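Each remark here refers to the structure printed beneath this line.
The values are calculated or read from the model by the stated rules, or taken from the named source; none is laboratory data. Predicted model, so just to flag it, every value in this text is computed and none were measured. Using ideal geometry, Cβ is built from the backbone for each residue, glycine included, and neighbour counts are taken over all protein chains shown.
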Amino acid sequence: MHLYDLGSVPWTDSQLVYHALPRLGREALVLLSPATPYVCIGYHQDLEKELDAEFCRTNQIPIFRREVGGGGVYLDNDQLFYQLVIHKDNPLAPHDKAAFYRKFLQPPIETYREIGIPAEYKPVNDIITGNRKISGNGAAEIGEYLVLVGNLILDFNYEMMTRVLRVPDEKFRDKVHKSMRENLTTINRELGSLPPRESLTESLARNFEKLLGPLPRAGVDEELREEASRLGAEFSTEEWLHRIGRPTQGRTVKIAAGVEVKHLVHKAPGGLIRGDVEIADGVISSLVLSGDFFFYPAEKLGELSEAVVGKRTAEVEETIARFYTDHGIESPGVEPSDFARVVVD
């Protein structure tokens, strides 16, 4: 395993490098910050439901969909990212996702503590100080590799974060802004100043080495650059950005007697779940699931929807629970009953 200490990089590299590494069969710890701002949405999110895409376009704020679950977030140079790529068979990597978070969030927790911030782990995937979140984290499976992504939040643009979100009205946006300031904090806010970025990077590397062993330094070589560029072309397409929530091509939804079309939302401990469901005569005829939760293996979410289609509403929760068992599904903080609530309420 190598350490890629890349400093400030083009915003695309802040996402594409860690997506490329597992495809090349490389274990690594990547430390970097994006040079310019962008918005990043989770793998399972519906872009049009979560973000004000027109505002982002007008203000030249790029949008990126990652292969990691969780929610949409505004990212910029005031955040120091850590990105761990480790093979599933590596004996250092817990197979249970909750244990994976608990183990590998310890290095950033120690880094916060070293600068005087009493950080703690909060299940499923947060780092908090007091009652406020001070680090956002997510994990994914990419091929045969487990990936952890997270950040030290040096400072945060609360105003811009609330502005890029899609909300029903400005009164609601004000509530989101107030709640975000109350529940999300930063290094600058806690300490009144910022430690040198180099010292934070050195501390992160040192604390990860306590778990991983020595990490020889590496740079972005030609093979890694080519794979990142290839992925950049793939992930910048409209098809990828809007992959959730589009109706199946050629499908016509007809609403008549006995047919209900619902959009349901449920906040589970592990994240927000949205369900767009059509029910005809008590049978699920179509279903699209989205949200800011984590679901492993990620590609099985579509199959879960397919498994529910054709079932009577009374069979939904049992069908989802059986799917979990048959496919070894993990969704920290989200149970089959939570998904059932956005199908049958």
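Here are some notes:
- Selection within the range 10-34 - more than 20 Å from the chain's Cα centre (by Cα) and either surrounded by 20 or more Cβ atoms within 10 Å (Cβ to Cβ) or hydrophobic (A, V, I, L, M, F, W, C) (or both): L24
- Note on the range 279-334: residues that are part of a strand (DSSP E or B) and within 25 Å of the chain's Cα centre (by Cα) total 7.
- Reported count of residues in the range 267-278, each being among the charged types (D, E, K, R) and more than 18 Å from the chain's Cα centre (by Cα), is 2.
- Every residue from the range 76-113 that is within 27 Å of P37 (Cα to Cα) and in a strand (DSSP E or B): Q79, L80, F81, Y82, Q83, L84, V85
- Of all residues in the range 173-208 being of a type in the set (D, E, K, R), touching a residue at least 40 places away in the same chain (Cβ under 8 Å) and surrounded by 12 or more Cβ atoms within 10 Å (Cβ to Cβ), the one that is nearest to D89 (Cα to Cα): R197
- Options D281, D276: the member that is touching a His at 6+ places or on another chain (Cβ under 7 Å), at pLDDT below 90 and not assigned by TED's automatic domain parsing to the domain that holds E141: D276
- Reported count of residues in the range 284-306, each being in contact with a Ser or Thr (Cβ under 6 Å, 6 or more places away or on another chain) and over 26 Å from L51 (Cα atoms), is 0.
- Candidates K175, K103, K88, filtered to the one that is outside the structural domain of D292 (by TED's automatic domain parsing) and modelled with pLDDT under 95: K175
- Selection count, the range 178-200, where residues are in contact with a strand residue (DSSP E or B) (Cβ under 8 Å, 6 or more places away or on another chain) and either over 18 Å from G7 (Cβ atoms) or among the β-branched types (V, I, T) (or both): 7
- Residue within the range 89-98 that is in contact (Cβ under 8 Å) with a residue 40 or more places away in the chain and under 16 Å from the mean Cα position of the chain (by Cα) present: yes
- The range 115-143 residues that are free of Cβ contacts under 8 Å to residues at least 12 places away in the same chain, paired with ones that are surrounded by 17 or more Cβ atoms within 10 Å (Cβ to Cβ) and hydrophobic (A, V, I, L, M, F, W, C) (beta carbon under 6 Å, 6 or more apart): E120/I128; K122/I128
- If you filter the range 119-132 down to residues that are more than 19 Å from I86 (Cα to Cα) and at pLDDT below 95, you find that the one that is surrounded by the most Cβ atoms within 10 Å (Cβ to Cβ) is V124.
- Exclusive hit being crowded, with 21+ Cβ neighbours inside 10 Å and within 21 Å of R23 (Cα to Cα), set L84, L105, L75, L92: L84
- A single entry from G136, G150, G116 fulfils the requirement of being surrounded by fewer than 16 Cβ atoms within 10 Å (Cβ to Cβ), outside any helix (DSSP H, G or I) and not hydrophobic (A, V, I, L, M, F, W, C): G116.
- Residue within the range 163-172 that is in a helix (DSSP H, G or I), surrounded by 18 or more Cβ atoms within 10 Å (Cβ to Cβ) and not charged (D, E, K, R) present: yes
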